[in-house]
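Enquirer: Below you'll find the structure I mean.
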Amino acid sequence: MTKTIQHIHLIAICGTGMGSLAMLLKEKGFTVTGSDQNVYPPMSTTLENAGIKIFTGFKAENLNPKPDLVIVGNAISKTNPEAMEMEKLGLKFMSFPQAMGEFFIKDKKSIVISGTHGKTTTTALMAHLLKELKADPGYLIGGVLHDGQKNVHDGKGDYFVIEGDEYDTAYFDKGPKFLHYRPYYTLITSLEFDHADIYRDLDHLTESFVKLIDKTNPNGFLLLNTHYPKLIELRGRGRASPLPEMSTYGINGKGDWDARDIEFHPVLPGDAKAIPTTSFKIFYKEKLETTLTIPMVGSHNVQNALACFVLLKKLGYQNDAIQKVFSTFKGVKRRQEVREKIGDILVMDDFAHHPTAVLETIAAVKKAYPQHKLWAIFEPRSNSSKRNVFQEGYGKAFDEADQSIIANVFMPEKVPDGKILDVPQIVAEVCARGKNAINLPDVDAIIAHVVSHITSPAVLLIMSNGAFGGIHQKMADRLSLIAK
């Protein structure tokens, strides 16, 4: 099909994934145009500097002259003016995941990294490791890298590393995105209920992962985390045979691969340049394989790193070579990212929003900065976190924080009647567990409370899957004024 295509138009081009795809298509020699409702830097200028014409707003005339192919973003509805015009004109169209599969993955051995938690960090880590090992992988990462590299790359090597999202694909395809990624090596990091706006319950969500396993190449490899027993049961549910080879991993002593003797190396007050690290021993079927040190902390990151180690071993790399490349990983923005440092007070940004992710992130940061007072500041913003489906989970997620602040639900009017998260009840449950928690309505109230109560050293761990009203910079600015 690609031989007959010259002009490609992307509807909703300014999203992180769609914009990156547009750049890659341009690099391949296609004429690329696009449109979006919100056109602003840095994505708009990046695209325009690459010679990609962008239309502001969705209009039928944006498809004149007629493109050879239209790629439709996930947020676009069937009543979008361009989507309606596209179908009226009978134009060829596909979704973002379909385009990734068709243009960049089909001739590679894909490494699909999926699961409720850890997808972005593990995908970024795996792509980085293969780059450092000179494999020149292609990759698509659902986050921004700290080292300034693009989150998408069309490598010349044999592999394509991609974050396998279980969210639905497009208005014309309600199946999960990862089914379009032609999985050869499949890693599933975790399995818990999420995306309450499109999945009824855990069983409904689980069926998507059954399909992912079923799609995995029979000559490929399946790697599953033993900390999620329901996950281990999925192999073989979708088909009788042939099944890909399977291995398991974890830190609970139940996997083929196991991380033990975990030692966290924290950052102490006054140490301006230190990076928290973790060392652990890797065992394969009770036999010591090697020792690994990673520039991250937290049991979840130990599991993520172990999974990448196992995949690299499967690809034929030796222990010594793997050990060397782990130390150069700079991480992903919005994952325990220190945004500002004012003396011994750190303003940290993290994407955590699922109760398990909140719990694991708080625990990891506490290990990384044990002598700092840890403030956990959380905004219920994602479609699932705004709903009471996680009411009980959040009550237990803040145990290791010294002080927790939970903001009001973001845009509560978008939550169906009777399903909104009860924030005051969560605060009551946290306090009933002997911890300190408070509900404050907005960014201004949160900043005012923090600046009047904070003492140094401290970490302000701000968790949200959105902008949270620009709280990170506003908080840093206020603290800087006080410091002067």
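The values are calculated or read from the model by the stated rules, or taken from the named source; none is laboratory data. Just so it is clear, the structure is predicted and the values come from calculations on it, not from any experiment. Ideal geometry is used to build each Cβ from the backbone, glycine not excepted, and the neighbour counts take in all protein chains shown. Just so you know, the surface numbers come from the protein's heavy atoms only, side chains and all, with ligands and any DNA or RNA stripped out. Shrake-Rupley method; radii C 1.70, N 1.55, O 1.52, S 1.80 Å.
Enquirer: Using beta carbons and a limit of 6 Å, which pairs, at least six apart or on different chains, have the first residue in the range 194-213 and crowded, with 20+ Cβ neighbours inside 10 Å and the second one part of a loop (DSSP other than H, G, I, E, B) and of a type in the set (S, T, N, Q)?
Expert: Final answer for the pair search is Asp194/Thr116; Asp194/Ser384; Ala196/Ser384.
Enquirer: Taking Asp258 as meeting all but one of (1) at negative phi; (2) at pLDDT below 90; (3) out of contact with any Pro (no Cβ under 6 Å at 6 or more places or on another chain); (4) of a type in the set (D, E, K, R), write down the number of the exception.
Expert: Checking Asp258 against (1) at negative phi; (2) at pLDDT below 90; (3) out of contact with any Pro (no Cβ under 6 Å at 6 or more places or on another chain); (4) of a type in the set (D, E, K, R), the one that fails is (2).
Enquirer: When only residues in the range 309-340 that are over 16 Å from the mean Cα position of the chain (by Cα) and polar (S, T, N, Q) count, which is most open to solvent (accessible area, probe 1.4 Å)?
Expert: Gln318
Enquirer: Something else: For the range 79-97, name all the residues that are among the charged types (D, E, K, R) and open to solvent by less than 10 Å² (accessible area, probe 1.4 Å).
Expert: Filtering the range 79-97 for residues among the charged types (D, E, K, R) gives 82, 85, 87-88, 92.
Within the range 79-97, just Glu82 meets the criteria.
Enquirer: For the range 206-271, please list each of the strands (runs of 3 or more DSSP E) lying entirely inside it that holds at least 2 residues being among the aliphatic types (A, V, I, L, M).
Expert: On the way: elements: 221-225, 245-250, 257-265.
Hits in the range 206-271: 221-225, 257-265.
Enquirer: A follow-up question, please. Only residues that are among the charged types (D, E, K, R) and in a loop (DSSP other than H, G, I, E, B): list them for the range 333-344, please.
Expert: Of all residues in the range 333-344, those among the charged types (D, E, K, R) come to 333-335, 337, 339-341, 344.
Answer for the range 333-344, where residues must be among the charged types (D, E, K, R) and in a loop (DSSP other than H, G, I, E, B): Lys333, Arg334, Arg335, Asp344.
Enquirer: Which one is least open to solvent (accessible area, probe 1.4 Å), of the residues in the range 49-69 that are within 10 Å of Gly34 (Cβ to Cβ) and outside any loop (DSSP other than H, G, I, E, B)?
Expert: The selected residue is Asn62.
Enquirer: For Thr45, which of the numbered conditions (1) more than 21 Å from Lys78 (Cβ to Cβ); (2) outside any helix (DSSP H, G or I); (3) of a type outside the set (A, V, I, L, M) fails to hold?
Expert: (2)
Enquirer: Separate question: When residues of the range 264-292 are filtered for being within 20 Å of His227 (Cα to Cα) and open to solvent by 40 Å² or more (accessible area, probe 1.4 Å), how many remain?
Expert: Here the count works out to 4.
Enquirer: Look at Leu306 and say whether it is more than 23 Å from Asn465 (Cα to Cα), hydrophobic (A, V, I, L, M, F, W, C) and open to solvent by 50 Å² or more (accessible area, probe 1.4 Å).
Expert: Numbers: more than 23 Å from Asn465 (Cα to Cα): yes; hydrophobic (A, V, I, L, M, F, W, C): yes; open to solvent by 50 Å² or more (accessible area, probe 1.4 Å): no.
So Leu306 fails the test.
Enquirer: Related question: Failed condition for Ser456, given (1) open to solvent by 70 Å² or more (accessible area, probe 1.4 Å); (2) without any contact (Cβ under 8 Å) to a residue 40 or more places away in the chain; (3) of a type outside the set (A, V, I, L, M), with all others met?
Expert: All conditions pass for Ser456, except number (2).
Enquirer: Look through Ser110, Ser77 and report the one residue that is part of a loop (DSSP other than H, G, I, E, B) and touching a Phe, Trp or Tyr at 6+ places or on another chain (Cβ under 6 Å).
Expert: Details: Ser110 fails: part of a loop (DSSP other than H, G, I, E, B).
From the options Ser110, Ser77, the qualifying one is Ser77.
Enquirer: Same structure, new question: Please go through the range 272-302 and give me each residue that is assigned to a strand (DSSP E or B), more than 21 Å from His372 (Cβ to Cβ) and not hydrophobic (A, V, I, L, M, F, W, C), ordered by number.
Expert: Ser279, Lys281, Tyr284, Lys287, Glu289, Thr290, Thr291, Thr293
Enquirer: Please enumerate the residues belonging to the range 14-45 that are free of Cβ contacts under 8 Å to residues at least 60 places away in the same chain, within 19 Å of Ile141 (Cβ to Cβ) and open to solvent by less than 60 Å² (accessible area, probe 1.4 Å).
Expert: Hits for the range 14-45 are Cys14, Gly19, Ala22, Met43.
Enquirer: Now a separate question. Pairs please, first residue from the range 326-347 and on the phi > 0 side of the Ramachandran plot, second anywhere and part of a strand (DSSP E or B) and crowded, with 20+ Cβ neighbours inside 10 Å, Cβ atoms under 9 Å, 6+ apart in sequence or on different chains.
Expert: Correct list of pairs: Arg334/Asp349; Arg334/Asp350; Gln336/Met348; Gln336/Asp349; Gln336/Asp350; Gln336/Leu461.
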